Amino acid sequence: MRANYLVWKNAIIERACSLDTLKGFEDDWQLTAGVPLAANFPSSAQFRFDPEQKAGLSLTDNLYNADRLIVASERLCALLQKAAVPHVEYLPVPILDHKKRRLSEPYWIVHLLEPVDCLVTEACEPRWSRIDKSEIARLKHLVIDEARIEPGRLLFRPSHYSAGILVHRSLAQQIDDARLTGVRWLELTDYPEV
């Protein structure tokens, strides 16, 4: 039986920009742990174009970044808001180009709150982090129990595995239908990619 969820992945697009790590926010671990931040996300937080990718200048709706975050265009945010995706904050974040000029196009971090305890841990064959014993560093398989996902959860991170983002097929289809760029989907059975 086909799963109702897919893995949200960044699409690799030739000449598209990629971002370096987020600067100006020391507690960036909170962004993958699902800690609410809308009330106190610092205005000093910003992304810069990756200096090692000088040819990457084109903007996409989902910007590739080293932090495994969804950095979304106005179009992508509008679609997610229209779809009433629950347990999400939209954190405005400036993007600086290679010349350290702020882009005129607005972008937001789509901050996923309340990770979902849906992994079938033993079937995933995890390797646990040596630093944070409650976090999975790697998986051999991505196996979830959909019965443990509350109805209406369209986009989330699984508990204990902050590297993964899961999206409901219905939302993925809306994103595809809108022809938004910079994102692709991976079947759970194909994760992790080799």
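The values are calculated or read from the model by the stated rules, or taken from the named source; none is laboratory data. As the structure is a computational prediction, the values presented were derived from the model and not from experiment. Here Cβ is always computed from backbone atoms with ideal geometry, including for glycine, and neighbour counts include all displayed protein chains. Side chains are part of the model used for accessible areas, which takes the heavy atoms of the whole protein and leaves out ligands, DNA and RNA. Shrake-Rupley method; radii C 1.70, N 1.55, O 1.52, S 1.80 Å.
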Self-check item: Sites matching trypsin sites (Lys or Arg not before Pro) across segment 57-149 that sit in DSSP coil, with at most 12 neighbouring C-beta atoms within 10 Å
Solution: Lys99, Lys100, Arg101, Arg130, Lys133, Lys140
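Note the full-extension length gain between Trp29 and Ala11 as 0.36 nm times their separation in residues minus their Cα-Cα distance, in nm to one decimal.
On the way: separation 18, 0.36 × 18 = 6.48 nm, distance 2.34 nm.
Gain on stretching Trp29 to Ala11: 4.1 nm.
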Practice problem: Please find the FRET efficiency linking Glu122 to Ala178, where r is the Cβ-Cβ separation and R0 is fixed at 35 Å, and quote it to the nearest 0.05. | Solution: 0.40
Quiz item: At a Förster radius of 22 Å, what calculated FRET efficiency corresponds to the Cβ-Cβ distance of Glu74 and Ala38, to the nearest 0.05?
Solution: 0.80
Quiz item: How many percent of Cα pairs in segment 59-132 exceed 22 Å?
Solution: 41
Self-check item: Candidate lysines for bridging to Lys100, where Cα separation is under 28 Å - those fewer than 8 sequence places away on the same chain excluded
Solution: Lys9, Lys23, Lys54
Quiz item: Hey, rough spin-label estimate for Ala163 and Ala55, points 7 angstrom out along Cα→Cβ, what's it come to in nanometres?
Solution: 2.7
Quiz item: Which whole-Hz ³J(HN,Hα) couplings does segment 35-50 yield from phi under the Karplus relation 6.51 cos²θ - 1.76 cosθ + 1.60, θ = phi - 60°, glycine and proline marked x?
Solution: 6, x, 10, 3, 6, 9, 6, x, 5, 7, 5, 7, 10, 10, 4, 5
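Please list Asp132, Asp67 from largest to smallest accessible area, probe radius 1.4 Å, with all protein chains kept in place.
Working: Asp132 70, Asp67 35 Å².
Result of the area sort, largest leading: Asp132, Asp67.
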Practice problem: Return a whole-number percent for the relative contact order of the chain, with Cα pairs under 8 Å and 6 or more residues apart as the contact set. | Solution: 29
Exercise. Determine the gain in length on full extension of the stretch Leu113-Lys99; use 0.36 nm per residue of separation and subtract their C-alpha separation, reporting nm with one decimal.
Key: 1.7 nm
Quiz item: Expressed in nm to one decimal, what extension gain is obtained for the pair Lys133 and Ala147 from 0.36 nm per residue of sequence separation less their Cα-Cα distance?
Solution: 2.5 nm
Quiz item: By a straight-distance test (C-alpha under 16 Å), which aspartates and glutamates pair with Lys140 as possible cross-link partners, with residues fewer than eight away in the same chain excluded?
Solution: Glu122, Glu125, Glu187, Asp190, Glu193
Quiz item: With every protein chain left in place, what is the accessible area per residue of segment 1-141 in square angstrom, probe 1.4 Å?
Solution: 58
Practice problem: Could you let me know the centre-to-centre spacing of segment 90-141 and segment 154-169, using Cα atoms, in angstrom? | Solution: 9
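From the P(r) of segment 96-142, can you give the percent of Cα pairs sitting at distances over 17 Å?
On the way: 646 of 1081 pairs.
The answer is 60 percent, as a whole percent.
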Exercise. Determine, at each q value in 0.14, 0.16 (inverse angstroms), the log₁₀ of I(q)/I(0) that the Debye formula gives when each Cα of segment 42-194 is one equal point scatterer.
Key: -0.79, -1.00
